[in-house]
Amino acid sequence: MDLYNYLRKYPDDRGYFEQYGGSFLEEKLIPAFEEITRAYQAICHSSQFISELRRIRKEFQGRPTPVYHCEKLSASVGDGTCQIYLKREDLNHTGAHKLNHCMGEGLLAKYMGKKKLIAETGAGQHGVALATAAAYFGLECEIHMGEVDIAKQAPNVTRMKILGAKVVPVTHGNKTLKEAVDSAFEAYARDYKDAIYCIGSAVGPHPFPMMVRDFQMCIGEEAKEQFKEMTGLLPDAVIACVGGGSNSIGTFVPFVGDPVDIYGVEPLGRGPELGNHAASMSYGTKGILHGFESYLLQDENGEAAPVYSIASGLDYPAVGPEHAMLHDMGRIQYVSVTDDEAMEAFFKLSRLEGIIPAIESAHAVAYAMKLASERKKGALLVTLSGRGDKDIDYVVEHYGYGEKYM
């Protein structure tokens, strides 16, 4: 299916990607999400809105971000014939892909006359991006973040506060991303008339999986054009990490109609036992969480199971509904890598190419290294979703300077 017809078909009017997605909300929130849907449908084809967003991306975000050929990393893997390229979202303003949809959501909030942006964050990149958008558009900002992630991602917490955001510590449950989403939803339910909830990934009730995908598709659209310009060809495979799935869906969808392999890389953490990973596509079953239906890691009672990942931005027990559909279609292969494999990629990319990746992004690099070692030709395009400045204190404390990996 060509991209134009794909986007017209998915999602349907009820927000479904085949059997996944939808909108499962408490009654008082239904009008709020219907208001967001109407507003987005009104502006998504508006030349004024699109023109303003393009200007912001060029002049404020620094887009397009480049594609970079990792010559030394490629030479170090297997027999060195399969080449690895990176789509450098770490060079997007604020250091990750998250600003792509945050600026779009901020512009939507201004159109709707809202005064405040509310969101959750795990690794802090979404929080920083939304605080940046709030500062840009002159809006209030409230970020909910688990206490565990606040401790792991202290630099990003500082950045949010400098930008003027109120950071709300979440102290219940595992004190990580799922609980932060719970807390942000509760805050939005209290303040939806003056605020908009800016979901941090391609998850949640309709229209957010669609909106976030649309705003993030600039990654794949740029990367395809840039790669063709550099090589004259399409890549043999496209690879990105998958937690909720925003950077990956933005990368993948522009390639769904092309003859390329696509791999979504999930966090296997410490291993396949429930509670030791967050690989919801690999080990989950269909369920409902945070207002949408998708693959979900569940306990014996059908509740969202505890999850773990070394990468705070990937420790979410579900995945975006469009990913679930593409998995069932067989169009995308979902694979996983462990903490240790991700950390090896983290240090090798740092030492060989001078690029310190976010631990989330290192999962995608790790699988690209594994795939390149198996292939004897071709090229792999990896979305480097963010930079690792936020992770360095945690990494040095727990892994030193990576001597064991070099």
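The values are calculated or read from the model by the stated rules, or taken from the named source; none is laboratory data. Quantities reported herein were computed from a predicted structural model and do not represent experimental measurements. Ideal geometry is used to build each Cβ from the backbone, glycine not excepted, and the neighbour counts take in all protein chains shown. Note: accessible area is taken over every heavy atom of the protein model, side chains too, but ligands, DNA and RNA are not part of it. Shrake-Rupley method; radii C 1.70, N 1.55, O 1.52, S 1.80 Å.
When the stretch 15-51 is filtered for residues that are over 23 Å from ALA195 (Cα atoms) and of a type in the set (D, E, K, R), only GLU18 remains.
Name the residue, out of LYS87, LYS98, that is within 20 Å of GLU225 (Cβ to Cβ), surrounded by 19 or more Cβ atoms within 10 Å (Cβ to Cβ) and among the charged types (D, E, K, R). Let's see the steps before the verdict.
Numbers: LYS98 fails: within 20 Å of GLU225 (Cβ to Cβ).
Of LYS87, LYS98, the one residue that is within 20 Å of GLU225 (Cβ to Cβ), surrounded by 19 or more Cβ atoms within 10 Å (Cβ to Cβ) and among the charged types (D, E, K, R) is LYS87.
Scanning the stretch 143-176 for residues that are open to solvent by 20 Å² or more (accessible area, probe 1.4 Å), part of a helix (DSSP H, G or I) and in contact (Cβ under 8 Å) with a residue 12 or more places away in the chain returns GLU147, VAL148, ILE150, LYS152, ALA154, PRO155, ARG159. Listed by first and then second residue, the pairs with beta-carbon distance under 9 Å, at least 6 apart or on different chains, first residue in the stretch 1-30 and under 23 Å from ARG331 (Cβ atoms), second open to solvent by 100 Å² or more (accessible area, probe 1.4 Å) and assigned to a helix (DSSP H, G or I), are MET1/LYS9.
Residues of the stretch 210-252 being touching a residue at least 60 places away in the same chain (Cβ under 8 Å), of a type in the set (A, V, I, L, M) and under 25 Å from ARG38 (Cβ atoms), which ones? MET210, MET211, VAL212, ILE249 - these are the residues of the stretch 210-252 that are touching a residue at least 60 places away in the same chain (Cβ under 8 Å), of a type in the set (A, V, I, L, M) and under 25 Å from ARG38 (Cβ atoms). Selection of first residues in the stretch 45-58 that are touching a residue at least 40 places away in the same chain (Cβ under 8 Å) and of second residues that are part of a helix (DSSP H, G or I) and open to solvent by 100 Å² or more (accessible area, probe 1.4 Å), restricted to Cβ pairs under 8 Å at least 6 apart or on distinct chains, gives the following pairs, ordered by first then second residue: PHE49/TYR111.
Among the listed residues LEU29, LEU25, identify the single one that is of a type outside the set (S, T, N, Q), more than 24 Å from the chain's Cα centre (by Cα) and crowded, with 16+ Cβ neighbours inside 10 Å. Steps first, please.
On the way: LEU25 fails: more than 24 Å from the chain's Cα centre (by Cα).
Answer to the check: LEU29.
Being polar (S, T, N, Q) and out of contact with any helix residue (DSSP H, G or I) (no Cβ under 8 Å at 6 or more places or on another chain) is the requirement here; does SER76 meet it? Considered against the rule, which asks whether it is polar (S, T, N, Q) and out of contact with any helix residue (DSSP H, G or I) (no Cβ under 8 Å at 6 or more places or on another chain), SER76 comes out as no. Per the conditions (1) more than 18 Å from PRO207 (Cα to Cα); (2) open to solvent by less than 10 Å² (accessible area, probe 1.4 Å); (3) at pLDDT 95 or above; (4) not acidic (Asp, Glu), the sole criterion not satisfied by MET103 is (1).
So that you can scan it fast, the table gives a plain yes or no per residue for (1) more than 23 Å from ALA362 (Cα to Cα); (2) of a type in the set (A, V, I, L, M); (3) more than 20 Å from the chain's Cα centre (by Cα):
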residue	(1), (2), (3)
ILE288	yes, yes, no
GLN298	yes, no, yes
ALA342	no, yes, no
PHE347	no, no, yes
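Exactly one residue among GLY264, GLY275 is outside any helix (DSSP H, G or I), at pLDDT 95 or above and more than 15 Å from the chain's Cα centre (by Cα), and that residue is GLY275. Would the stretch 308-329 turn up any residue that is in contact with a helix residue (DSSP H, G or I) (Cβ under 8 Å, 6 or more places away or on another chain), farther than 24 Å from PRO66 by Cα and open to solvent by 30 Å² or more (accessible area, probe 1.4 Å)? So far as the stretch 308-329 goes, yes, one or more of its residues are in contact with a helix residue (DSSP H, G or I) (Cβ under 8 Å, 6 or more places away or on another chain), farther than 24 Å from PRO66 by Cα and open to solvent by 30 Å² or more (accessible area, probe 1.4 Å).
Being of a type in the set (Phe, Trp, Tyr), surrounded by fewer than 22 Cβ atoms within 10 Å (Cβ to Cβ), within 30 Å of MET406 (Cβ to Cβ) and modelled with pLDDT of 95 or more is true for just one of TYR68, TYR16. Which residue is that? Lay out the reasoning, then the answer.
Values: TYR16 fails: within 30 Å of MET406 (Cβ to Cβ).
On inspection, the qualifying residue turns out to be TYR68.
Scanning the stretch 360-391 for residues that are touching a helix residue (DSSP H, G or I) at 6+ places or on another chain (Cβ under 7 Å), modelled with pLDDT under 95 and open to solvent by 10 Å² or more (accessible area, probe 1.4 Å) yields one hit, ASP389.
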